[in-house]
Amino acid sequence: MSYCKQEGKDRIIFVTKEDHEAPSNAELIADDPEDPYEEQGLILPNGDINWNCPCLGGMASGPCGSQFKEAFSCFHYSKEEVKGSECIDNFRNMQECMQKYPELYPQEEDKESSSQAESDSASSSALSPENDATQSTSNPSPTDGKTAS
């Protein structure tokens, strides 16, 4: 026996095996633009910052979330000729905080060097000493059989 139960904004529908075997006749309702639970972009319709936007990658809720929010808010609401020029101290505070948590906020050069090290070790382990010897003997030297002109 199927039944439906409402919990807050969610409607939970319990169905039987027979219900699942029949094709669905559900009608989808158009999205409500006023639904506060509906995913929004980074900037809400009223101009505020949507701190829950997945595009922020959790930056607003990590250990440096408050510093990130201060810096990002400063930049977003900046009215200066060079946008965000008054926010340098906020961004410096955020950067200093992030440097305390390198495992959560790796620096760009850290990412590049670790990925480069991984690819170097993978390619060097793929080459055996036999391959190295074969490669070095197969390349003729620049003077083999030729005279300088």
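Do you know which of the residues in region 69-101 that are of a type in the set (Lys, Arg) and within 18 Å of ASP48 (Cβ to Cβ) is farthest from the chain's Cα centre (by Cα)?
LYS79
Enumerate the pairs (first residue in region 1-13 and among the small types (Gly, Ala, Ser); second residue anywhere and outside any strand (DSSP E or B)) with beta-carbon separation below 6 Å, excluding pairs fewer than 6 apart on the same chain, so at least 6 apart or on different chains.
Every condition considered, the pairs that remain are SER2/VAL15; SER2/THR16; SER2/ASP19.
Before we move on, is PHE14 modelled with pLDDT of 90 or more and surrounded by 10 or more Cβ atoms within 10 Å (Cβ to Cβ)?
Considered against the rule, which asks whether it is modelled with pLDDT of 90 or more and surrounded by 10 or more Cβ atoms within 10 Å (Cβ to Cβ), PHE14 comes out as no.
Table: residues versus (1) in contact with a strand residue (DSSP E or B) (Cβ under 6 Å, 6 or more places away or on another chain); (2) surrounded by fewer than 11 Cβ atoms within 10 Å (Cβ to Cβ); (3) at pLDDT below 90; (4) not aromatic (Phe, Trp, Tyr).
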{"residue": "TYR3", "(1), (2), (3), (4)": "yes, yes, yes, no"}
{"residue": "LYS9", "(1), (2), (3), (4)": "no, yes, yes, yes"}
{"residue": "LEU28", "(1), (2), (3), (4)": "no, yes, yes, yes"}
{"residue": "CYS64", "(1), (2), (3), (4)": "no, no, no, yes"}
{"residue": "GLU70", "(1), (2), (3), (4)": "no, no, no, yes"}
{"residue": "SER73", "(1), (2), (3), (4)": "no, no, no, yes"}
{"residue": "LYS79", "(1), (2), (3), (4)": "no, yes, no, yes"}
{"residue": "MET94", "(1), (2), (3), (4)": "no, no, no, yes"}
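The values are calculated or read from the model by the stated rules, or taken from the named source; none is laboratory data. None of these values were measured; they are calculated from a predicted model. Methodologically, a virtual Cβ is constructed for each residue, glycine included, from the backbone with ideal geometry; neighbour enumeration extends over all protein chains shown.
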